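In what follows, a structure is listed as structure tokens, so that the remarks can point back to it.
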Amino acid sequence: MTRTGAHLVVEALAAAGVRHLFSLSGNQILSLYDATLGSGLSILHTRHEAAAVHMADAWGRLTEEPGVALVTAGPGHCNTISALYGAQMAESPVVLLSGHAPTGQLGRGAFQEMDQAAIAAPVCKAAWMAKDAARLGEDVTAALELARSGRPGPVHVSLPGDLLEAKVAGDERARAPRVEPPGLAPAGEVERALALLAAARRPLILLGGAMARGPRRAAVARLAEVTGVPALPMESPRGFDDPWLHLAAPLLAQADLLLLLGKKPDFVVRFAQPPAVAAAGRVIQVDADATALRAGAALGIVADPAAVADQLATAARGRAWAHHAWGDEVARARATTPVEWAAARRSGQAPIHPLRVCAALQPHLDRGAILIADGGEFGQWVQAGLEAETRLINGPAGSIGSAIPMAIAAKLRHPDRPVIAALGDGTFGFHAFELDTAARYRLPVVTVIGNDARWNAEHQLQLRHYGAGRTVGCELAPSRYDQLAAALGAHGEHVERADDLEPALDRAFRSGLPAVVNVAIEGLPAPTY
Ligand SMILES: Cc1ncc(C[n+]2csc(CCOP(=O)(O)OP(=O)(O)O)c2C)c(N)n1
Ligand SMILES: [Mg+2]
């Protein structure tokens, strides 16, 4: 068989352990579809290019290995940009491969010709167009390696159609991915960091997106255990007001030292300045990326934050630490919710209280279900009201709509675990058609819609900022999204009474189909503490 540039791409992906391509077809990438035959790579064909990138993002966050999206040139590529931003802000390893106008026609107004790398660059770690058919495998290998190294994030490579179709000589195979050793901090900087931690009264460890997941998080847990210093993930755009923090949220402003492990001192942590931190507060920043360091920090360390967490934990062992009481205070507050929540979780009111929906979902999470929480005020209630061992939220991008594609990728990764996507009715509309994808690939995820017939998050902002007489434009219909689900081959449930929640959820899980549980909820403002 004649080998082409497309074969080099597919072989490089397979050699790196990639098994799934999240994709939407187009004529510039059909050579790649063809090259996957017999390669061990499967294509999951979505209904929108952004959904393909959301799936790759979820795969990246769940595995720390790059999720790979494959889309067509021009408009297909442009459809991915917002989803790339989500992956970038969540520090998720993603590789986007986009078909591209042939190099032989560049500058002549080729079909769907545009500077795709320039369009993707602001929301990627790196973006480039491949230039040589024989080196396409190397482009792909480099992109995969870059996406997962340092601060993980999305990487884009545009693949011109003529290079993909070009015959390549011999047996050119991509070299194996180079595994970079983690960058360690010099011993002196480790000591300096420990001295600052020891001298602080209420230090806090704040984690960037990647540091809050998987093996990186485990290294931090050891450090927190030895020193007593509380470590908190900063996964939400609401940052210090993340509803999941519960009654710990008001304590964060008492911190007199922030140890930022891979966390940029950005809006999420209120720029790590007073009044967000105590007036004399100090900052230690540990980041793989030197350009992320801020002048004025008490200490800046350029190294792998997970490796440094390990170094700090090892060096801290056997020393006396006085932070356990503060650590316990934060942990207790994090585990404490407002007293009135207990009644709300049992409430029989109609429309249903969002916390009553949480009460019905929690037993499923306790049995190992994965939670994907998405936008709107309902999303905030769900993040606050549920505890999940594995949870993906739409993240610091503050972008709504990713939950259904993310849930599908989670089910593909964890076929034995139930997967729940919980989202508002407005948010549901962004990628509702991926229910069709879930049905076609037999990936039974359960989507729970908090349906308040409005874009409530924006409605609540209007109420607060402009007043009750000036709410405009944010109404939706109380639509029967369960019926939409049924039309796409999914199972549908509609719930208006609190007592019907549990049986409806049980039927949804037992259906063996993708399911939508459309719950008529009261449109309450998100919780504050
Ligand atoms: C891509 C994107 N578009 C718009 C917004 C602004 N936005 C945030 S929440 C929200 C309302 C979501 O409504 P819904 O999903 O029904 O949840 P609710 O607030 O009603 O519970 C909007 C429009 C956003 N965050 N991201
Ligand atoms: Mg709504």
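The values are calculated or read from the model by the stated rules, or taken from the named source; none is laboratory data. Model, not experiment: these values are computed from the prediction. Positions of Cβ are generated from backbone atoms using ideal geometry, with glycine treated the same way; all protein chains shown enter the neighbour counts. Ligands, DNA and RNA are stripped out before the accessible areas are found, and what is left, the full protein with its side chains, is counted by its heavy atoms. Shrake-Rupley method; radii C 1.70, N 1.55, O 1.52, S 1.80 Å.
Can you name every residue in the range 218-234 that is at pLDDT 95 or above and either within 18 Å of Ala288 (Cα to Cα) or in a helix (DSSP H, G or I) (or both)?
Start the filter on the range 218-234 by keeping residues that are at pLDDT 95 or above, which leaves 220-234.
Within the range 218-234, Val220, Ala221, Arg222, Leu223, Ala224, Glu225, Val226, Thr227, Pro233, Met234 qualify.
Is it the case that Val516 is open to solvent by 50 Å² or more (accessible area, probe 1.4 Å), within 16 Å of ligand 1 (Cβ to nearest atom) and at pLDDT 95 or above? Give the steps one after another, and end with the answer.
Values: open to solvent by 50 Å² or more (accessible area, probe 1.4 Å): no; within 16 Å of ligand 1 (Cβ to nearest atom): yes; at pLDDT 95 or above: yes.
Taking the combined requirement at face value, the residue does not satisfy it.
In the range 245-349, which helices (runs of 4 or more DSSP H) lie fully inside it and hold 1 or more residues that are within 21 Å of Leu184 (Cα to Cα)? Break it down stepwise before answering.
Values: elements: 305-316, 324-334, 341-346.
In the range 245-349, the matching helices (runs of 4 or more DSSP H) lie at 305-316.
Quick one: how many residues across the range 463-487 are within 16 Å of ligand 2 (Cβ to nearest atom), within 28 Å of the chain's Cα centre (by Cα) and assigned to a helix (DSSP H, G or I)?
Within the range 463-487, residues that are within 16 Å of ligand 2 (Cβ to nearest atom), within 28 Å of the chain's Cα centre (by Cα) and assigned to a helix (DSSP H, G or I) number 3.
Residues in the range 375-393 that are part of a strand (DSSP E or B) and either within 16 Å of ligand 2 (Cβ to nearest atom) or out of contact with any Lys or Arg (no Cβ under 8 Å at 6 or more places or on another chain) (or both): how many? Write out each step before concluding.
Within the range 375-393, the subset part of a strand (DSSP E or B) is 391-393.
Add one more test, that the residue is either within 16 Å of ligand 2 (Cβ to nearest atom) or out of contact with any Lys or Arg (no Cβ under 8 Å at 6 or more places or on another chain) (or both), and what stays is 391, 393.
Result for the range 375-393: 2.
Can you name the number of the only condition in (1) outside any helix (DSSP H, G or I); (2) open to solvent by less than 20 Å² (accessible area, probe 1.4 Å) that Ala127 fails?
(2)
Select from the range 449-462 the residues that are surrounded by 16 or more Cβ atoms within 10 Å (Cβ to Cβ) and either in a loop (DSSP other than H, G, I, E, B) or hydrophobic (A, V, I, L, M, F, W, C) (or both) and write down the one among them that is nearest to ligand 2 (Cβ to nearest atom).
My answer is Asp452.
What is the one condition in (1) more than 14 Å from Pro405 (Cα to Cα); (2) not in a helix (DSSP H, G or I) that Arg47 does not satisfy?
Going through the list (1) more than 14 Å from Pro405 (Cα to Cα); (2) not in a helix (DSSP H, G or I), Arg47 breaks only (1).
Return the only residue of Leu251, Leu260 being open to solvent by less than 10 Å² (accessible area, probe 1.4 Å) and either of a type outside the set (S, T, N, Q) or farther than 23 Å from Tyr529 by Cβ (or both). Give the derivation first.
Details: Leu251 fails: open to solvent by less than 10 Å² (accessible area, probe 1.4 Å).
The unique qualifying residue is Leu260.
Could you go through the range 435-448 and let me know if any residue there is of a type in the set (A, V, I, L, M, F, W, C), touching an Asp or Glu at 6+ places or on another chain (Cβ under 6 Å) and buried (at least 24 other Cβ atoms within 10 Å of the Cβ). Before the answer, list the steps.
The first filter runs over the range 435-448 and keeps only residues of a type in the set (A, V, I, L, M, F, W, C), leaving 435, 438-439, 443, 445-446, 448.
Next, from what is left, pick out any that are touching an Asp or Glu at 6+ places or on another chain (Cβ under 6 Å): none.
There is no residue in the range 435-448 that is of a type in the set (A, V, I, L, M, F, W, C), touching an Asp or Glu at 6+ places or on another chain (Cβ under 6 Å) and buried (at least 24 other Cβ atoms within 10 Å of the Cβ).
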